[in-house]
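Engineer: Shown below is the structure under consideration.
The values are calculated or read from the model by the stated rules, or taken from the named source; none is laboratory data. Quick caveat: nothing in here was measured; it's all calculated off a predicted structure. Cβ atoms come from the backbone with ideal geometry, glycine included; neighbour counts cover every protein chain shown. The accessibility values were calculated without ligands, DNA or RNA, using every heavy atom of the protein model including side chains. Shrake-Rupley method; radii C 1.70, N 1.55, O 1.52, S 1.80 Å.
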Amino acid sequence: MKFTLSWLRDHLDTDSSVETLADTLSSIGLEVEGIENPAAKLSAFTIARVVEAKQHPNADKLRVCQVDTGKAIVEVVCGAPNARTGLVGVFAPMGTYIPGTGLTLEAKPVRGVVSNGMLCSERELELSNEHDGIIELDPKFSDQLGQRFVDVMGLDDPVIEIKVTPNRPDALGVRGIARDLAAAGHGKLKPEKRGWTGEGKFDCPVPIELRFPKGDEGACPVFGGLYIKGVKNGPSPAWLQQRLKAIGLRPISTLVDITNYITYDRARPLHVYDADKLKGTIHARFGKMGESFLALDGKTYQADETTTVIADDSGVLGFGGIIGGESTGCSETTTNVLIESAYFDPVRTATTGRRNVINSDARYRFERGIDPSSVPVGIALAAEMILDLCGGMPSRPLTAGKVPERKLILEFDPVRVRKLAGLDTPNVEVERVLTALGFKSKPKGDRLEVSVPSWRPDVHGPADLVEEVVRIVGIDKVPFSALPRERGVARAVLTETQKRVRRARRVLAGRGLVEAITWSFITRDQAQSFGGGTEALELANPISSEMTSMRPSLLPGLLSALQRNLDRSQSDFGLFEVGQAYRGIKPEDQYFAAAGVRSGRSHIAGSGRHWSGAKDDADLFDAKSDAAALIAALGLDAHRLMVTRDAPAWFHPGRSGTIRLGPKVALAHFGELHPAALRRFNIDAPAVAFEVFLDALPQPKKKPTKARPAFVAGDLQPVRRDFAFVVSSDVAAADVVKAAESVDKKLISQVSVFDLFEGPSLGEGKTSIAIEVTLQPKERTLTDPEIEQVAQRIVGEVKRQTGGEIRG
């Protein structure tokens, strides 16, 4: 549903801004989907006059115009056929963005003549699809040259689009929206216009009837009409066209535009027939098989016994409440008209519209249930506008059937607002809200007797009245409180181990590993290969000869799964498992671990071959990365932990490591698996693995002793320096990194190894380790002497801790 701000103010006396109104509409259940102000995109366009238009010297279809913009005379090249001397139009200066074409004007020569702006068409301003010529304004606007086009033409009128739920057909008219806003405190609702109240000069010459079988009168219980003779049809006035264009409708003619206007203004669909094209009695009935008609959308539709049609003695004229026929449509030659205002059954209307795939504004409203009492009002409103804009002489109204009455009176206790919504609203405020929304109420003891208006088919009981009060008073004012915890409902409690297990599964799955669940029992030979296989962990009554021992690690089960996949030519993949393993028979010997294996080209970025050919087999650094990522996700900084070479015997002795929290606490093992361990599982291909001991991680503190310092991003450029140290081959690279970091922990933000070299030039038993040190100043830029001083300190500290010498 779209409407403009000025249109809303025809019904609502308010000074509230469009932003305030939009917020209120959304809060009372009419969600605002968008606000568009044409002035925003058309603010640069001004009124201008063509002082002189002459033929372009180098093009037959172009004219060179001297244009008075109100500030200066500029030369404009124009290709419009109506460009001529004296024309008053719309001018766009250089640098203006043209919304209809998506281009920004630049000073470029057009066939040798530079155009210093543009005279615009309606399509270029997105006012319509008209582009056969430039806009021609009334010559009276010549005294407003240079003024904004949107101000002169009254286009500075925001368009508001709201989302209307199916239960609110009254909000499909501007009047209904204004009523809700007035009830919410944004102005005063203006008196409702009732339309033409005169008396007709003659009886309606077109008979009107309802021809439905007994019991089916509800398909169209009332059909009203008014005949006006001597009308003059043509283009509708500018204000009416402007409002219809603003909401996306195409102006057609005055008679048609009037019915479209009332449809949106009052949620009252109407239809106007060219009375001279009607044959005999116009009536509403059910269709018959074989009947068809050419509709106003240019398509032919078939009627049947389930459809409600409007017909005359010649046949079907249209679907009732959905679309009319072309044979009786109004044109510029129309002089006598019949206004139709009827009420159609919502269910039949919806069924017919869906079956024939017709989406019209009339169907949209009738299938939701319009106000049945608006039948005579619709005739009066249309008659007044037609008489004002088209002239003519009206007949006396003619009605077949009667308006269906919906007298619903509810006994309402205002206390229910507090009971159902928890909103403590005074009885006076409850009565004020209901009255402002059109409900009539009168006291009945300590309760109210509330009459539901005919335009609110969605209100059926007291709970609906509570909803009306709450949405107007404000859903944000409803107090909130936690639901009581019933006895027997346990609180959600997870132990720290359970949280770690859940987090570990998510992290490892996110790194491209597939979760496996393996048996806790393995063969004794496999258990011995991984530090187990003791007599105490043997099962007294195993379920299989291959499941005789409790597993001392998760890796044997994963390797068995790996072997089964390799036998099926699945070589590039990774597995992980999170579960329990056993070091002994005591309770403390049972531990939780997260383990994983990778084989072939299995990496976090993906598995298998790659078109670039750059992928190698997974190595120990992939396993280290998996273990470090899991430890970091569980709250520890893996970068600051110790990495030692003392991995268990089932790992390759030079291609593995252990991550430790101090010298005694092992947090994880990682590396390439020993070929001997792999052969026990009949695995010929290399594989890498890791195992993280979840129970070994320190428990988080319940209350941190001090708040973490806020991260401060440095606004100064970092400084990077490279160092190459020659150390003994038994010195770990981590020791070199640690020594360099210890020089100045505030200034040195990162130290990383980027090169290792061994060769005869260094000497026997020597290795060159190259590191990159990043200095991140925070207060001021470092000077060269200061950088050199830090470099010397790094060289000295590495030498002191590792014996390394700077490489020459």
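Engineer: Within segment 564-590, can you find the residues that are among the hydrophobic types (A, V, I, L, M, F, W, C) and assigned to a strand (DSSP E or B)?
Structural biologist: Phe573, Leu575, Phe576, Val578, Ala581
Engineer: So, Asn58, is that one more than 21 Å from Thr165 (Cα to Cα), modelled with pLDDT under 90 and surrounded by fewer than 15 Cβ atoms within 10 Å (Cβ to Cβ) or not?
Structural biologist: yes
Engineer: Of a type outside the set (Phe, Trp, Tyr), in contact with a strand residue (DSSP E or B) (Cβ under 8 Å, 6 or more places away or on another chain) and surrounded by fewer than 18 Cβ atoms within 10 Å (Cβ to Cβ), is that true of Gly102?
Structural biologist: For Gly102, the condition - of a type outside the set (Phe, Trp, Tyr), in contact with a strand residue (DSSP E or B) (Cβ under 8 Å, 6 or more places away or on another chain) and surrounded by fewer than 18 Cβ atoms within 10 Å (Cβ to Cβ) - is not met.
Engineer: Checking Ala618 against (1) crowded, with 17+ Cβ neighbours inside 10 Å; (2) not in a loop (DSSP other than H, G, I, E, B): exactly one of these is not met. Which one?
Structural biologist: (2)
Engineer: Which count do you get for residues in segment 456-490 that are surrounded by fewer than 19 Cβ atoms within 10 Å (Cβ to Cβ), in contact (Cβ under 8 Å) with a residue 12 or more places away in the chain and of a type in the set (A, V, I, L, M)?
Structural biologist: Here the count works out to 3.
Engineer: (1) closer than 15 Å to Asn116 by Cβ; (2) among the hydrophobic types (A, V, I, L, M, F, W, C); (3) without any contact (Cβ under 8 Å) to a residue 40 or more places away in the chain: which one isn't true of Ala40, the others all being true?
Structural biologist: So Ala40 meets the others, but not (1).
Engineer: Going through Asp170, Asp132, Asp180 one at a time, which residue ends up being over 20 Å from Ser373 (Cα atoms) and of a type in the set (Asp, Glu)?
Structural biologist: Only one candidate passes the filter, namely Asp132.
Engineer: From the list Glu538, Glu515, which one is in contact (Cβ under 8 Å) with a residue 12 or more places away in the chain, charged (D, E, K, R), closer than 18 Å to Leu694 by Cβ and open to solvent by 10 Å² or more (accessible area, probe 1.4 Å)?
Structural biologist: Matching residue, one of Glu538, Glu515: Glu515.
Engineer: Then there is this: Hey, among Ser761, Ser749, which residue is of a type in the set (Ser, Thr, Tyr), under 57 Å from the mean Cα position of the chain (by Cα) and either modelled with pLDDT under 90 or assigned to a strand (DSSP E or B) (or both)?
Structural biologist: Ser749
Engineer: In contact with a Phe, Trp or Tyr (Cβ under 9 Å, 6 or more places away or on another chain) and without any contact (Cβ under 8 Å) to a residue 60 or more places away in the chain, is that true of Gly401?
Structural biologist: no
Engineer: Oh, and also: So in segment 428-455, with the set limited to residues that are outside any helix (DSSP H, G or I) and open to solvent by 80 Å² or more (accessible area, probe 1.4 Å), which one is nearest to Asn167 (Cα to Cα)?
Structural biologist: Lys440
Engineer: How many residues are under 16 Å from Gly146 (Cα atoms), surrounded by fewer than 20 Cβ atoms within 10 Å (Cβ to Cβ) and among the β-branched types (Val, Ile, Thr) if we restrict to segment 61-87?
Structural biologist: Residues that pass the stated criteria total 3.
Engineer: Just give me the residues in segment 491-507 being open to solvent by 100 Å² or more (accessible area, probe 1.4 Å) and β-branched (Val, Ile, Thr), in sequence order.
Structural biologist: Val493
Engineer: Now for a different question. Assuming Ile769 fulfils every condition listed in (1) open to solvent by less than 50 Å² (accessible area, probe 1.4 Å); (2) over 22 Å from Leu716 (Cα atoms); (3) assigned to a loop (DSSP other than H, G, I, E, B) apart from one, which condition is it?
Structural biologist: (3)
Engineer: I've got another one for you. For segment 399-421, indicate whether the set of residues that are open to solvent by 30 Å² or more (accessible area, probe 1.4 Å), in contact with a Cys (Cβ under 9 Å, 6 or more places away or on another chain) and not in a helix (DSSP H, G or I) is non-empty.
Structural biologist: Checked against the condition, which is being open to solvent by 30 Å² or more (accessible area, probe 1.4 Å), in contact with a Cys (Cβ under 9 Å, 6 or more places away or on another chain) and not in a helix (DSSP H, G or I), segment 399-421 yields at least one hit.
Engineer: So which strands (runs of 3 or more DSSP E) stay within segment 130-232 end to end and still have 2 or more residues that are buried (at least 19 other Cβ atoms within 10 Å of the Cβ)?
Structural biologist: 159-163, 222-229
Engineer: Does segment 518-535 hold any residues that are open to solvent by less than 40 Å² (accessible area, probe 1.4 Å) and at negative phi, and which are they?
Structural biologist: Thr518, Ser520, Ile522, Thr523, Gln526, Ala527, Ser529, Phe530, Gly532, listed by residue number.
Engineer: Considering Ile604, Ile631, which residue is among the β-branched types (Val, Ile, Thr) and either in contact with a Cys (Cβ under 9 Å, 6 or more places away or on another chain) or open to solvent by 80 Å² or more (accessible area, probe 1.4 Å) (or both)?
Structural biologist: Ile604
Engineer: Residues that are open to solvent by 60 Å² or more (accessible area, probe 1.4 Å), free of Cβ contacts under 8 Å to residues at least 24 places away in the same chain and either out of contact with any Ser or Thr (no Cβ under 6 Å at 6 or more places or on another chain) or not charged (D, E, K, R) (or both): does segment 369-379 have at least one?
Structural biologist: no
Engineer: Filter segment 757-774 for residues that are within 27 Å of Ile787 (Cβ to Cβ) and among the charged types (D, E, K, R) and give the result.
Structural biologist: Glu772
Engineer: Please specify each residue of segment 356-366 satisfying the condition of being touching an Asp or Glu at 6+ places or on another chain (Cβ under 9 Å) and buried (at least 21 other Cβ atoms within 10 Å of the Cβ).
Structural biologist: Phe366 - this is the single residue of segment 356-366 that is touching an Asp or Glu at 6+ places or on another chain (Cβ under 9 Å) and buried (at least 21 other Cβ atoms within 10 Å of the Cβ).
Engineer: It is to be established whether one or more residues within segment 775-795 are among the small types (Gly, Ala, Ser), in contact with a strand residue (DSSP E or B) (Cβ under 8 Å, 6 or more places away or on another chain), part of a strand (DSSP E or B) and open to solvent by less than 100 Å² (accessible area, probe 1.4 Å).
Structural biologist: no
Engineer: Consider Gly280 against the criteria (1) among the small types (Gly, Ala, Ser); (2) over 24 Å from Arg194 (Cβ atoms); (3) crowded, with 19+ Cβ neighbours inside 10 Å: it satisfies all of them except one. Which criterion is unmet?
Structural biologist: In the conditions (1) among the small types (Gly, Ala, Ser); (2) over 24 Å from Arg194 (Cβ atoms); (3) crowded, with 19+ Cβ neighbours inside 10 Å, Gly280 misses (3) alone.
Engineer: Under 6 Å by Cβ, and 6 or more places apart or on different chains, what pairs join a residue from segment 50-69 that is under 14 Å from Ala80 (Cα atoms) with one that is loosely packed, with under 15 Cβ neighbours inside 10 Å and modelled with pLDDT under 90?
Structural biologist: Within 6 Å, the pairs are Ala59/Arg111; Lys61/Gly79; Leu62/Gly79.
Engineer: Also: In segment 327-355, which residues are assigned to a helix (DSSP H, G or I) and buried (at least 17 other Cβ atoms within 10 Å of the Cβ)?
Structural biologist: Ser327, Thr328, Pro346, Arg348, Thr349, Ala350, Thr352, Gly353 - these are the residues of segment 327-355 that are assigned to a helix (DSSP H, G or I) and buried (at least 17 other Cβ atoms within 10 Å of the Cβ).
Engineer: Give me the pairs, please: first residue somewhere in segment 262-285 and closer than 15 Å to Ile208 by Cα and assigned to a loop (DSSP other than H, G, I, E, B), second residue anywhere and charged (D, E, K, R) and open to solvent by 10 Å² or more (accessible area, probe 1.4 Å), beta-carbon distance under 6 Å, and either six or more positions apart or on two chains.
Structural biologist: If the second residue must be charged (D, E, K, R) and open to solvent by 10 Å² or more (accessible area, probe 1.4 Å), the pairs left are Lys279/Asp313; Gly280/Asp313; Thr281/Glu209.
Engineer: Still on this structure, I have one more. Need the failing condition index for Glu577 against (1) among the acidic types (Asp, Glu); (2) open to solvent by less than 30 Å² (accessible area, probe 1.4 Å); (3) out of contact with any helix residue (DSSP H, G or I) (no Cβ under 9 Å at 6 or more places or on another chain), just the number.
Structural biologist: Status for Glu577: all satisfied but (3).
Engineer: Which residues, taken from segment 712-762, are among the small types (Gly, Ala, Ser) and within 20 Å of Thr781 (Cα to Cα)?
Structural biologist: Ala713, Gly714, Ser749
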